[in-house]
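Below is one structure; the comments refer to it alone.
The values are calculated or read from the model by the stated rules, or taken from the named source; none is laboratory data. No experiment lies behind these values; they were computed from the predicted model shown. Virtual Cβ from ideal backbone geometry, glycine too; neighbours counted across all protein chains shown. Quick note on the areas: whole protein, heavy atoms, side chains included, nothing else; ligands and nucleic acids left out. Shrake-Rupley method; radii C 1.70, N 1.55, O 1.52, S 1.80 Å.
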Amino acid sequence: IIAVTSAMGPASIEGFYDEAFAVPGLIQALQNAPDADAAIIACFDDTGLDAARTAARYPVVGICEAALVTAGQIAKRIGIVTTLPRSIVPLQELVRRYGFAERAEVTACDVAVLDLEKSGSGAGAKLEAEISRALDKGAEAIVLGCAGMADLNRYLERQLGVPVIDGVAAAVKFAEALAGLGLKTS
């Protein structure tokens, strides 16, 4: 696995506006890796996924799609907790597109992506509180709605006693499977 960060675009993606500026750098990064076995878009908005699948000869996996498919295998009701409220609408559209609108609800913990790792931001407490609200509403599994939350799933599972899905890890497993099957984009 080789991690690549786009040489251009916003520092974080938190809605439609940021997505628009991120896609050219994403496509360039894919074109710079023509021999990759697969690629993962490590942004929960699955930014540029359709364009990436058109541009790359190898499978491209979005972490939102991978997380939802994974959660759907283990739970009927899914809570997706993202960062800022402005991210809710783009994610609701993805949830609908991926066929999970009847099963998944998107909420936000009101923490900016870049604040997730800042000490003193209160990000962890806000995230846990929002997850607790999702569980109170009937969620049986939680999907972390930001790649910046990737390192929290095991801790949150132990704290809350429910499955917590990290889309980055789920996408890696999907990418490994697609590459192992020798599949390419159509």
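Numbers at a glance
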| item | result |
| --- | --- |
| Helix-derived mean residue ellipticity, 222 nm - over the chain, DSSP H n ≥ 4, -39500 (n - 2.57), to 500 | -13500 deg cm²/dmol |
| All lysines inside 18 Å of K118 as judged from Cα atoms, apart from same-chain residues fewer than 8 positions distant | K126 |
| Lysines with Cα under 26 Å of K173, excluding same-chain neighbours fewer than 8 positions away | K76, K184 |
| Spin-label zone in the stretch 35-59 - amide nitrogen under 20 Å from a point set 7 Å from the Cα of K173 along the C-beta vector | 38-46, 59 |
| Cα Rg over Rh - the chain, Kirkwood | 0.96 |
| Positive-end extreme of charge dipole, the stretch 25-98 - chosen from L26, S87, F44 (charges on Cβ) | S87 |
| Pairwise centroid distance, computed over Cα atoms, of the stretch 63-102 with the stretch 133-169, Å | 12 |
| Extension gain (nm, one decimal) between K76 and I2, 0.36 nm per residue minus Cα-Cα | 23.3 nm |
| Hull volume in cubic angstrom per residue (convex hull over the Cα atoms of the stretch 64-141) | 85 |
| Whole-percent carbon and sulfur share, accessible surface of the chain, 1.4 Å | 54 |
| Coil-residue trypsin sites (Lys or Arg not before Pro) of the stretch 1-108, DSSP, other Cβ within 10 Å capped at 14 | R57, K76 |
| Rounded to 10°, Cα long-axis angle of helix 88-97 versus longest principal axis of the chain | 60 |
| Net length gained if the chain between E140 and D35 were fully extended (0.36 nm per residue, minus Cα distance) | 33.9 nm |
| Per residue accessible area of the chain, 1.4 Å probe, in Å² | 52 |
| Gain upon complete extension [S132, V69; 0.36 nm per residue less C-alpha separation] | 20.5 nm |
| Pairwise FRET efficiency - R97 versus R154, Cβ, R0 = 22 Å, nearest 0.05 | 0.15 |
